[in-house]
Amino acid sequence: MSSDTPISTAQDALTRSGIDRSLRHPVMFFLMSGSAWLAISMLLGLISSVKIHNPDFMSDCATMSLGRVYAAHVNTLVYGWGMQAAFAMILWLMARLSGKECSMIGSILTAGHLWNIGIAIGVVGILAGFGTGMPWMEFPPFAWPVLLVAYAVIVIGSFIQFRVRPEGGAMISQWYLLAAMIWFPWVYLTANILLHCIPGHPVMAAGINAWFKSGMVFLFFTPVALGTVYYITPKVTGLPIFSNQLAKIGFWSLAIIAPWAGMQKLAGAPIPIFLPYVGGAATALIFIPACAAAVNNLRSILANRETLALSPALRFTFAGLISLVILVICGVFLNLPNSTLKASQFSMAGYSAEILAMYGFFSFVIFGAAYFIVPRVTRREWLSRRLIRWHFLFSVYGIITVAAVALIGGYLQGTDQENWELPWMTAAQTGAAYAVAITFAWCMILLSNFFFFIHLTLMWLRLGRRGPNPTLLTNPHAADALDSAAH
Amino acid sequence: MDPTRDNPIIRFTTFWWGIGTFLIFALLLAVVWSFNGKTPVTLEDVVAKARYETRAKVDQAQAAELSQDAIKAAMPEMAKKLAAAKPAPVEKPDQVIPDSPTAKKLAAANPPPPAAPTPPAPVESPSSTPPATGQDAPKP
């Protein structure tokens, strides 16, 4: 039986240090290239948002038409940023939790470059007019096998690490990460084969596409983010997870419910009528696993409010969990097939949910984890607490604005679309005013990601601060002085 | 750490298990597709069936009107007639290029008839002007 003797503690520290050193280049590569794609995605999102309320903007350039720019914006957000950030988390967390150093650095980096080349060619293909027109799958058909091969090479090492981990059960983070590693090929392979290789009915193609989008959110990005949260929260707060039983309920309910979600977007389409109802019910029921995970972690976070005020990792994680709760509440109220779904089906409200999931929840959790992981793999501390604060504040206010405005504006837009006495132009004009606010919010988010990218680049160049103390959001010594002065 | 859990054999087999796990979905999809690979019957197919029947009837009727065998049998005879016919030159003065030597030659051979004198234009009196009210003028 192992005990916390000084020798074993020193051995653990050495093991962790070796793991961090082995993963420095892969983790930083994926975070750097991911944040670069995120900045590009934000820029494209800004352009597409401007074009909604000002259609003449860049209207002479076919490459910059709304249909192409919007598709490029979403695909760079999902595959350029989201997937690569997820790779960084899977690689580092799986190695740390399995206690194994990474031994496939060369192949991972090669596959990482392949992934980025695939994304770049795909984005150029979309902008050149060769997109498929299927949301979240707009890359030209030749791109998906390239991305799938690169994915397999990147994560197969983590699969092996999990298998050869030291004896003992798997932690809840490992459950989520392993599930995400397996669910992604299922969703991605199935959807792409059915849509690109096997000819089928076009209406069912739209249904498969809707299922794919939902599967990417709830079967890949959500488990990766929750696995990260379940690691970061106890590490930073120093408190154990509130309930292991609740964590298991959350995991298994997600595994059972999430694969059924997505088809509600085809309500009214000529498909079997039970499919939209099953999709709507499953999307509403995702409230259960999401709330189980949120409650489990928020109890630990709120029990340690001082750390929440100081730690950037915990602050971002907290914001991500709040976004998750808002997302699933919206999922309940916006997907009722006979009432609200009509107003959210073809309006900006759907965009609100996507952005809330991809940025409000997933990206915030990843930012929090990056503020925790990067100092460990680079052996440098973050340079500026001001840049971190700006990143947080601009991101939070930006995402609140985008999500709230797109939600409210989308609902009103959808209500106008449903009103047959009104011309269609009225619905478009209703949405245009809200699009102005979204443009403003994208500016804020773009600025916040610029801060993050600059900060990350400095850390990648190992220009971070040398020192034993982590960079916190407020100076604890100043807080102590203020506190003592108050007394 | 249990050394028996981490050795090259386990790593090798896990690698292939991992690849297999990633590809198992494609394999399952292929199996399902192979057992359920019927061409889907759509509304278009049902309507097309009636259209094909109509087309077959039309084709049959057209074939009955003029058979290919009759055409083939008539072709040698027609070819002989055409070969025996002597082609005659076609005289078409309107195809002659204006102001060309041929045109001048033809003009010299067939001079145009003298033009008839044009009658003087009648002088209109003010009373013959139609009324400006839009009504028809009284007929003479």
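The values are calculated or read from the model by the stated rules, or taken from the named source; none is laboratory data. This one's a predicted model, so the numbers in the text were calculated from it and none came from an experiment. Here the Cβ is made from the backbone with ideal geometry for all residues, glycine too, and neighbour counts use every protein chain on show.
Structure above, values below:
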{"item": "A:Trp136, sole failed condition from (1) at positive phi; (2) within 14 Å of another protein chain (Cβ to nearest Cβ); (3) not acidic (Asp, Glu)", "result": "(2)"}
{"item": "Test for A:Thr110: is it among the hydroxyl-bearing types (Ser, Thr, Tyr), touching a Ser or Thr at 6+ places or on another chain (Cβ under 6 Å) and assigned to a helix (DSSP H, G or I)", "result": "no"}
{"item": "Residue match in region A:170-178 (condition: under 30 Å from A:Gly250 (Cα atoms) and surrounded by fewer than 18 Cβ atoms within 10 Å (Cβ to Cβ))", "result": "yes"}
{"item": "Test: residue in region A:123-136 that is in a helix (DSSP H, G or I) and within 21 Å of the chain's Cα centre (by Cα)", "result": "yes"}
{"item": "Residue that is modelled with pLDDT of 95 or more and either surrounded by fewer than 17 Cβ atoms within 10 Å (Cβ to Cβ) or over 21 Å from the mean Cα position of the chain (by Cα) (or both), where the choices are A:Ile198, A:Ile208, A:Ile193, A:Ile256", "result": "A:Ile256"}
{"item": "Identity of the residue in region B:69-118, acidic (Asp, Glu) and part of a helix (DSSP H, G or I), that ends up modelled with the highest pLDDT", "result": "B:Glu77"}
{"item": "Residue list for region A:232-253, filter: touching a residue at least 60 places away in the same chain (Cβ under 8 Å) and hydrophobic (A, V, I, L, M, F, W, C)", "result": "A:Ile232, A:Val236, A:Leu239, A:Ile241, A:Ala247, A:Phe251"}
{"item": "Single unsatisfied condition, A:Phe333 versus (1) of a type outside the set (A, V, I, L, M); (2) free of Cβ contacts under 8 Å to residues at least 12 places away in the same chain; (3) farther than 27 Å from A:Val436 by Cα", "result": "(3)"}
{"item": "Qualifying positions in region A:276-323 - in contact with a Phe, Trp or Tyr (Cβ under 7 Å, 6 or more places away or on another chain) and among the aromatic types (Phe, Trp, Tyr)", "result": "A:Phe316"}
{"item": "Of residues in region A:136-149 being touching a Ser or Thr at 6+ places or on another chain (Cβ under 9 Å) and of a type outside the set (Phe, Trp, Tyr), the one surrounded by the most Cβ atoms within 10 Å (Cβ to Cβ)", "result": "A:Glu138"}
{"item": "Cβ pairs under 6 Å, 6+ apart, first in region A:134-151 and free of Cβ contacts under 8 Å to residues at least 40 places away in the same chain and under 19 Å from A:Trp186 (Cβ atoms), second of a type in the set (A, V, I, L, M, F, W, C) and in a helix (DSSP H, G or I)", "result": "A:Ala150/A:Ala111; A:Ala150/A:Leu114; A:Ala150/A:Trp115"}
{"item": "Single condition A:Pro223 does not satisfy, out of (1) farther than 30 Å from A:Ile373 by Cα; (2) free of Cβ contacts under 8 Å to residues at least 60 places away in the same chain; (3) crowded, with 24+ Cβ neighbours inside 10 Å", "result": "(1)"}
{"item": "Test result for A:Met171, under 25 Å from the mean Cα position of the chain (by Cα), closer than 30 Å to A:Leu23 by Cα and within 9 Å of another protein chain (Cβ to nearest Cβ)", "result": "no"}
{"item": "Some residue of region B:36-43 being under 40 Å from the mean Cα position of the chain (by Cα) and either charged (D, E, K, R) or in a helix (DSSP H, G or I) (or both)", "result": "yes"}
{"item": "Residue that is surrounded by the fewest Cβ atoms within 10 Å (Cβ to Cβ), among those in region A:375-399 that are part of a helix (DSSP H, G or I) and touching a Gly at 6+ places or on another chain (Cβ under 8 Å)", "result": "A:Pro375"}
{"item": "Qualifying residue in region A:96-107 (condition: surrounded by 19 or more Cβ atoms within 10 Å (Cβ to Cβ), under 19 Å from A:Phe212 (Cα atoms) and aliphatic (A, V, I, L, M))", "result": "no"}
